[in-house]
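Colleague: One structure is given below, represented as C-alpha cells, and several questions about it will come after.
The values are calculated or read from the model by the stated rules, or taken from the named source; none is laboratory data. It should be emphasised that the depicted structure is a prediction, and the values quoted were computed from it without experimental measurement. Using ideal geometry, Cβ is built from the backbone for each residue, glycine included, and neighbour counts are taken over all protein chains shown. The accessibility values were calculated without ligands, DNA or RNA, using every heavy atom of the protein model including side chains. Shrake-Rupley method; radii C 1.70, N 1.55, O 1.52, S 1.80 Å.
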Amino acid sequence: MRVADYPRPDTLAAQAALAIATEYHTPSLLNHVQRSWLWAEGFRTARGLDADRELLYVSALLHDLGIVPEFDNHTLAYEDAAGHVAIALTAGAGWPADRRIRAHEVIVRHNWPEVDPAMDAEGHLLEIATALDISGARTDELPIGFRREVLQAYPRLDLATEFGACVADQAQRKPTTSARRLVDGGVQRKLRENPLERLLEG
C-alpha cells in the first residue's frame with residue numbers, strides 16, 4: 001500500500017474540490033482533508049470495499065469547509081454546512097441531483113459515531129478515516145509504511161490546536177450539533193494524544 005496507488009481523480013469536480021479546499025483551508029486543515037482521503041482509500045483497500053472513488057475524494061476534500069468563516073452557518077452543524085457546499089460545487093460540475101445529495105450525505109455521516117458500510121460505503125470510509133486522523137482510531141489497521149508516507153507528504157502541522165479550537169467554538173455556539181458531542185467526548189485530548197502526532201519522531 002503506497003500513496004502512489006491512489007492518484008487523485010482527474011475530473012472537474014475533483015479539481016474544483018481541491019481548488020476550494022486549498023483556497024479556504026489553512027495548511028493544517030488542507031493536509032488533514034487530504035490525509036483523510038488517503039486513509040479512506042487505504043481502508044477501502046484493506047477492507048475490500050467497493051466505493052465511488054470520485055465521490056469519496058470530493059467528500060473528503062470538502063468535509064470540513066463548514067468550520068471556515070466563509071462557510072460557517074450560524075445554525076447548521078458544520079458538517080451539514082459543508083455538505084451544502086458540496087452540493088453547490090458538484091452541481092457546477094454537472095453531477096445529477098441524486099449524486100449531489102450523496103456528497104451531502106457522506107459529509108454529514110462522517111461525524112456519525114458509526115456508519116454501516118452496507119448502507120453507505122463512502123460515508124463509512126470517511127467516518128473511519130477522519131476518526132483515524134483526529135482521534136487515532138484503528139491506527140494499526142493500515143501499514144506503518146503507508147502511514148509514514150502519508151504523514152511525510154501531508155504533515156500534521158498545527159492540526160491539534162487548530163481543529164480543537166474550531167470544534168470547541170462550534171460546540172459553544174451550536175450546542176445541539178455533533179460538535180458538542182465531539183468536545184464532550186474529549187476530542188481535544190484525543191487530538192493531542194493521537195499516535196500519528198509522534199509517528200515520524202526519531
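Colleague: Quick check, is Thr90 among the polar types (S, T, N, Q), within 27 Å of Ala168 (Cα to Cα), under 18 Å from the mean Cα position of the chain (by Cα) and assigned to a helix (DSSP H, G or I)? Walk me through how you get there before you give the answer.
Modeller: Working: among the polar types (S, T, N, Q): yes; within 27 Å of Ala168 (Cα to Cα): no; under 18 Å from the mean Cα position of the chain (by Cα): yes; assigned to a helix (DSSP H, G or I): yes.
Considered against the rule, which asks whether it is among the polar types (S, T, N, Q), within 27 Å of Ala168 (Cα to Cα), under 18 Å from the mean Cα position of the chain (by Cα) and assigned to a helix (DSSP H, G or I), Thr90 comes out as no.
Colleague: For residues that are of a type outside the set (A, V, I, L, M, F, W, C) and modelled with pLDDT under 95, scanning just segment 118-142, find the one that is most open to solvent (accessible area, probe 1.4 Å).
Modeller: At the first step, the residues of segment 118-142 found to be of a type outside the set (A, V, I, L, M, F, W, C) are 120, 122-124, 127, 130, 133, 135-136, 138-141.
In the following step, the residues that additionally are modelled with pLDDT under 95 were identified as 135-136, 138-141.
Working: Ser135: 46, Gly136: 16, Arg138: 97, Thr139: 16, Asp140: 134, Glu141: 72 Å².
Among them, the one singled out is Asp140.
Colleague: Mind telling me which of the residues Gln170, Gln152 ends up being over 17 Å from the mean Cα position of the chain (by Cα) and not charged (D, E, K, R)?
Modeller: Sole residue among the options that is over 17 Å from the mean Cα position of the chain (by Cα) and not charged (D, E, K, R): Gln152.
Colleague: While we're on this one: Looking only at segment 143-169, count every residue that is hydrophobic (A, V, I, L, M, F, W, C), crowded, with 16+ Cβ neighbours inside 10 Å and at pLDDT 95 or above and tell me the total.
Modeller: Residues flagged as hydrophobic (A, V, I, L, M, F, W, C), crowded, with 16+ Cβ neighbours inside 10 Å and at pLDDT 95 or above within segment 143-169 amount to 3.
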